[in-house]
Amino acid sequence: MDAPSPLMPWAQATPSFRADPDAGGRTLRLSGDWTIRTVGPIEEAFAAFRREAAGGTGEVVFDFSELGRLDTAGALLLERLTAETPMERRRVVGLDATARVLFEEVAGADRPPVAPQLGPGPVIGFLIDLGRWGVGLLAEAKSVLTLLGGATVAVAQGAIHPSRIRFVPFVHQLQRTALDAVPIITLMSFLIGCIIAQQGAFYFRRFGADLYVVDMVGVLSLREIAVILTAVMVAGRSGSAFTAELGSMRMREEVDALKVTGLDPIEILVVPRMLALMVALPILTFLSDLASIFGAAIVCNVYADIPTTTFLHRLHEAVELRTFLVGVAKAPFMALIIALIACMEGLSVEGSAESLGRHTTMAVVKSIFMVIVVDGIFAMFYAAAGL
């Protein structure tokens with residue numbers, strides 16, 4: 001073994017290793033500096049020594065008392081040397097505290113690589129997401145039907161026992177959903193009627209059929225546009241308010257307090273809002289019809305040179321009472337869907353502001369989506385009935 005010179009303390013001694021037979025076993029003695037600069041030349045010979053040292057049946061003593069400098073490269077080789085001998089047959093001596101810590105760190109890091117966990121392919125992943133979406137849809141449908149059943153029971157009990165009817169909350173909610181919404185609903189409908197009339201007059205003029213703008217505005221507004229836009233506005237305005245209110249009550253545990261006191265939250269919180277919205281939406285739809293027709297009459301008079309008397313006469317011939325009733329008949333069902341979804345999302349809020357915002361957004365999106373679905377169902381029903 002070449003020892004480092006006192007004049008060159010940075011010089012490193014060549015590592016060495018040997019096996020001395022003992023009674024019933026062997027002693028493996030390792031000396032010198034085991035660093036990344038010294039172990040390279042002896043690594044091939046040391047590999048053969050490791051295989052030979054691992055054999056036998058007696059006790060193997062690893063003597064590190066003459067060990068010099070040691071770094072992670074040398075510690076890795078020596079740790080693998082000791083690891084190849086079973087625990088019950090090996091004994092380590094002469095290892096100081098610093099080297100022992102380095103051995104433990106190297107042993108913890110020298111692990112076989114973990115096989116990568118391959119996720120499902122795109123097709124399987126799509127099917128998994130589709131299944132989760134279907135399960136979630138069924139759970140939400142169950143929640144809505146449960147809420148509808150509870151509200152139906154509460155309404156039936158109120159019809160049997162009128163004293164259970166909460167008239168003041170109903171009037172309060174009716175004011176918020178109907179009276180307070182009149183300005184924005186009428187303004188929106190007025191502008192929509194103006195736009196439809198202007199676009200219709202612009203294109204019908206090419207064919208000399210300016211007067212048919214009245215037919216288009218009357219039928220389109222009364223049957224479809226007014227009720228759909230009003231329901232969408234109500235879903236964004238009143239539906240989000242319902243969800244936020246009930247969600248805040250859930251966060252403050254007011255809903256749980258009602259249950260503890262023996263009161264039914266559905267009867268107290270859901271039914272007044274649901275009934276108020278079912279009364280408010282037909283009223284707002286009627287006002288929306290008037291506002292859109294009024295806006296169309298102004299545009300036809302100014303833009304298409306159709307006098308107001310001519311407009312009203314043509315409107316009387318184009319539309320019937322049935323046309324108005326077909327559109328208004330959709331409103332209570334849309335209001336019911338909006339109220340149920342909004343209240344269901346509000347009662348599902350957990351105890352965080354993030355949950356409140358998420359459920360409020362989901363309530364608006366689901367309500368608008370279901371409004372379109374309900375309108376499509378009514379369209380198919382009316383077509384089949386010849387209306």
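Key figures for this structure:
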quantity	calculated
Any chance V271 is modelled with pLDDT under 90 and surrounded by 24 or more Cβ atoms within 10 Å (Cβ to Cβ)	yes
Looking only at the stretch 329-387, and only at residues there that are acidic (D, E) and over 23 Å from P282 (Cβ atoms), the one that is surrounded by the most Cβ atoms within 10 Å (Cβ to Cβ)	E345
Flag for E245 being surrounded by fewer than 19 Cβ atoms within 10 Å (Cβ to Cβ) and without any contact (Cβ under 8 Å) to a residue 24 or more places away in the chain	no
Sole exception among (1) surrounded by fewer than 15 Cβ atoms within 10 Å (Cβ to Cβ); (2) part of a helix (DSSP H, G or I); (3) not hydroxyl-bearing (S, T, Y) for P169, by number	(1)
Helices (runs of 4 or more DSSP H) (entirely within the stretch 293-384) containing at least 2 residues that are closer than 24 Å to Q173 by Cα	321-328, 330-347
Candidates R176, R205, R223 - the one that is within 32 Å of the chain's Cα centre (by Cα), assigned to a helix (DSSP H, G or I), farther than 15 Å from G295 by Cβ and not polar (S, T, N, Q)	R176
Residue check for T285: among the hydroxyl-bearing types (S, T, Y), modelled with pLDDT of 85 or more and surrounded by fewer than 23 Cβ atoms within 10 Å (Cβ to Cβ)	no
Any hit, the stretch 273-282, residues being in contact with a Cys (Cβ under 9 Å, 6 or more places away or on another chain), under 30 Å from V328 (Cα atoms) and in a helix (DSSP H, G or I)	yes
Single match in R223, R205 (criterion: basic (K, R), surrounded by 13 or more Cβ atoms within 10 Å (Cβ to Cβ) and modelled with pLDDT of 85 or more)	R223
Candidate set from the stretch 129-165 (those that are of a type in the set (S, T, Y) and under 18 Å from M370 (Cα atoms)); member that is least open to solvent (accessible area, probe 1.4 Å)	S143
The stretch 208-220, subset assigned to a loop (DSSP other than H, G, I, E, B) and open to solvent by 60 Å² or more (accessible area, probe 1.4 Å), residue nearest to A304 (Cα to Cα)	L211
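The values are calculated or read from the model by the stated rules, or taken from the named source; none is laboratory data. Given the structure is predicted, the values throughout are model-derived calculations rather than measurements. Quick reminder, even Gly has a Cβ in these numbers, built from the backbone with ideal geometry, and neighbours come from all protein chains shown. With ligands, DNA and RNA removed, areas are computed over all heavy atoms of the protein, side chains included. Shrake-Rupley method; radii C 1.70, N 1.55, O 1.52, S 1.80 Å.
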